[in-house]
């Protein structure tokens, strides 16, 4: 009688328990990695902030974030270094930004309501054409726009920067609002129609109040993009009296003489203040607006 002996288990085929780091240790390492990555991303901004307190001769000679020669006078010098005090250019930027925000909120919301709620011939075709305009770079349309605005005498005014916004020329914001409005129940429209409301009252009393997150997202992006816009403002604004903040900062750089890097960095820090303030004030609406429009 032959007895069967069980084969010894092969140590190479046994499933050894995996050695994993404790949960709290893995979480701590993840946070440390994210903090280091964030510091790397913030280093250019921190370097500019540190350089705004350095003498111009020391900025590129000592690239560290710390200096023994603390120079807060760069802010006072930069504020009055140009033809006008720096608040003049900030006021010009505020005018352009305010007009652009109002124009986008009015024009884009009306166009979005038409695409999302109205039934008309060619709606899908027009919506597709609108989406195609998002892919057009500004360099393609800037020459026809310049010729048009030059013929009607709008060069060196704020009109070329504000009036097109009232005509819903930013397809990205139209698409964002269309996605949001399509997520609103149409039962609200039907109930308002039973009460005698037309499209105007439905748009003003129902759609707009419920679209506050999308409107806030539009306002925040418009503020940031318009405040930081350099190319179009440089093209349409030719007089120093009409310069906005980005164009005014460019005048600190002189290719024929020495550039005032210290005052330039100081005014760059000042110019970033409104952007950070507006973003932090509307961050909650920004996240909610993007999360509820299908753009994830």
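The values are calculated or read from the model by the stated rules, or taken from the named source; none is laboratory data. The model shown is predicted, which means the values in this text are computed figures rather than measured ones. Please note: Cβ atoms are built from the backbone with ideal geometry, for glycine as well, and neighbour counts cover all protein chains shown.
Among the residues making up region 184-200, those that are part of a loop (DSSP other than H, G, I, E, B) and either surrounded by 14 or more Cβ atoms within 10 Å (Cβ to Cβ) or more than 32 Å from the chain's Cα centre (by Cα) (or both) are 184, 195, 196, 197, 198. Among residues of region 258-296 being farther than 24 Å from residue 75 by Cα and not in a helix (DSSP H, G or I), the one that is modelled with the lowest pLDDT is 296. Restricting attention to region 203-245, the residues that are over 21 Å from residue 99 (Cα atoms) and in contact (Cβ under 8 Å) with a residue 24 or more places away in the chain add up to 3. Between 53, 60, 37, the distinction of being under 30 Å from residue 243 (Cα atoms) and surrounded by fewer than 11 Cβ atoms within 10 Å (Cβ to Cβ) belongs to 60 only.
Scanning region 217-229 for residues that are over 8 Å from the mean Cα position of the chain (by Cα) and surrounded by fewer than 20 Cβ atoms within 10 Å (Cβ to Cβ) turns up just one, 228. The C-beta contact set for region 126-139 (first residue over 12 Å from residue 172 (Cβ atoms), second residue in a helix (DSSP H, G or I), distance under 6 angstrom, 6+ apart or interchain) comprises 127/115. Mind listing just one residue for me: the one in region 69-83 that is without any contact (Cβ under 8 Å) to a residue 24 or more places away in the chain, assigned to a loop (DSSP other than H, G, I, E, B) and under 10 Å from residue 55 (Cβ atoms) and, of those, farthest from the chain's Cα centre (by Cα)? It comes out as 69. Listed conditions (1) within 21 Å of the chain's Cα centre (by Cα); (2) over 30 Å from residue 176 (Cα atoms); (3) free of Cβ contacts under 8 Å to residues at least 40 places away in the same chain are all met by residue 58, apart from (1).
Among the residues examined, residue 255 does not qualify as over 16 Å from residue 87 (Cβ atoms), surrounded by 14 or more Cβ atoms within 10 Å (Cβ to Cβ) and at pLDDT below 90.
Checked against the criterion of being in contact with a helix residue (DSSP H, G or I) (Cβ under 7 Å, 6 or more places away or on another chain), more than 30 Å from residue 186 (Cβ to Cβ), at pLDDT 90 or above and assigned to a helix (DSSP H, G or I), the candidates 107, 103, 99 yield just one match: 99. For region 153-175, the candidate set comprises residues that are in contact (Cβ under 8 Å) with a residue 60 or more places away in the chain, in a helix (DSSP H, G or I) and in contact with a helix residue (DSSP H, G or I) (Cβ under 6 Å, 6 or more places away or on another chain); within that set, the residue that is surrounded by the fewest Cβ atoms within 10 Å (Cβ to Cβ) is 166.
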